[in-house]
Structure formats: C-alpha cells, structure tokens
1. Among the residues of the stretch 97-113, write down those that are of a type in the set (A, V, I, L, M), within 16 Å of the ligand (Cβ to nearest atom) and part of a loop (DSSP other than H, G, I, E, B).
2. Within the stretch 51-64, does at least one residue satisfy the condition of being among the small types (Gly, Ala, Ser), closer than 14 Å to residue 4 by Cα and either surrounded by 13 or more Cβ atoms within 10 Å (Cβ to Cβ) or in contact with a Phe, Trp or Tyr (Cβ under 8 Å, 6 or more places away or on another chain) (or both)?
3. Which residue, of 94, 87, 61, is within 16 Å of the ligand (Cβ to nearest atom), under 22 Å from the mean Cα position of the chain (by Cα) and either among the basic types (Lys, Arg) or at pLDDT below 95 (or both)?
4. Any residue that is more than 18 Å from residue 74 (Cβ to Cβ), at pLDDT 95 or above and open to solvent by less than 90 Å² (accessible area, probe 1.4 Å) - is there at least one of those in the stretch 12-31?
5. Given (1) open to solvent by 70 Å² or more (accessible area, probe 1.4 Å); (2) at pLDDT 95 or above; (3) hydrophobic (A, V, I, L, M, F, W, C), identify the lone condition not met by residue 1.
6. Quick check, is residue 51 under 18 Å from residue 9 (Cα atoms) and among the basic types (Lys, Arg)?
Amino acid sequence: MAKLHVKKDDQVYVLTGKDTGKTGKVLEVDPDKGRVLVEGVNIVTKHKKPRGRNQQGGIVKQEGSINASNVMLVCSKCKKPSKTGRKFMENGEKVRYCKACGEIIDTIRQART
Ligand SMILES: [Zn+2]
C-alpha cells in the first residue's frame with residue numbers, strides 16, 4: 001500500500017483546481033488510488049433518486065475526491081502549507097515533520113521497545 005503525505009484529519013491546502021487556495025480537513029484518504037476527500041473542496045452535485053417511502057430524491061452536494069498531490073499539509077505550528085518529510089528520531093521512532101519550521105507533526109511508527 002502506497003503511503004500518502006497526508007492522512008485523515010489533516011488540515012490541507014489545495015494547490016490546483018477550482019478550489020485552489022482553500023484549506024480543509026481531510027475526510028478520507030484512498031492510498032491505493034492516491035486520492036483524498038477534503039471537507040468543502042471539490043463539491044459535486046449528485047442527483048439522487050428517491051428510494052423507498054422515507055427517502056426523498058433530489059440534489060445532494062458532497063465532496064468529490066481530488067488527487068493527493070494537489071494538496072499540501074498545513075502545519076499546525078507555522079500555519080503554512082508545507083512540505084513534509086519523514087525521519088527517524090534517536091529513539092527509533094519514525095516521524096513526519098514540517099520542512100518549513102521543522103516541527104514534528106506526528107509519529108508514523110512507534111519506537112520498538
Ligand atoms: Zn511548520
């Protein structure tokens with residue numbers, strides 16, 4: 001499974017497309033396809049047919065997935081869209097960090113004890 005540079009609940013900045021410049025929270029990632037779903041970004045309208053008695057048909061707006069390479073992580077420390085790097089800490093932990101300010105974003109893999 002390919003690893004993406006962003007993951008669920010990340011705050012990301014959109015680099016291209018009709019929502020360029022927007023930021024939003026990652027709702028879903030699909031590492032196999034390299035696509036992400038970002039809150040409020042790439043809203044698509046879908047026409048739903050009524051199903052059963054209780055569900056109405058109509059137009060539903062929802063997020064459409066975008067290519068993960070079109071988003072950048074917004075660093076929680078420096079608040080800038082930043083490139084992320086990965087590195088090993090002295091204790092063997094693998095972490096994701098912000099290349100702009102050096103802040104460690106999260107731990108990818110815990111140190112073996
Ligand atoms: Zn930063």
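1. Of the residues in the stretch 97-113, the ones of a type in the set (A, V, I, L, M) are 100, 104-105, 108, 111.
Filter once more, so that each one left must be within 16 Å of the ligand (Cβ to nearest atom): 100, 104-105.
Listed by number, the list holds a single entry, 100.
2. Of the stretch 51-64, the ones among the small types (Gly, Ala, Ser) are 52, 57-58, 64.
Within this subset, residues satisfying the condition of being closer than 14 Å to residue 4 by Cα are none.
There is no residue in the stretch 51-64 that is among the small types (Gly, Ala, Ser), closer than 14 Å to residue 4 by Cα and either surrounded by 13 or more Cβ atoms within 10 Å (Cβ to Cβ) or in contact with a Phe, Trp or Tyr (Cβ under 8 Å, 6 or more places away or on another chain) (or both).
3. One residue alone meets the criteria, 87.
4. Of the stretch 12-31, the ones more than 18 Å from residue 74 (Cβ to Cβ) are 18, 30-31.
Still in the running and at pLDDT 95 or above: 30.
Those still in the list that are open to solvent by less than 90 Å² (accessible area, probe 1.4 Å) too: 30.
Yes, the conditions are met somewhere in the stretch 12-31.
5. Unmet for residue 1, out of (1) open to solvent by 70 Å² or more (accessible area, probe 1.4 Å); (2) at pLDDT 95 or above; (3) hydrophobic (A, V, I, L, M, F, W, C): (2).
6. Working: under 18 Å from residue 9 (Cα atoms): no; among the basic types (Lys, Arg): yes.
The answer is no for residue 51.
The values are calculated or read from the model by the stated rules, or taken from the named source; none is laboratory data. It should be emphasised that the depicted structure is a prediction, and the values quoted were computed from it without experimental measurement. FYI the Cβ positions are ideal-geometry reconstructions off the backbone, even for glycines, and counts take in every protein chain you see. Accessible surface is based on the protein model in full, side chains and every heavy atom, while ligands, DNA and RNA are left aside. Shrake-Rupley method; radii C 1.70, N 1.55, O 1.52, S 1.80 Å.
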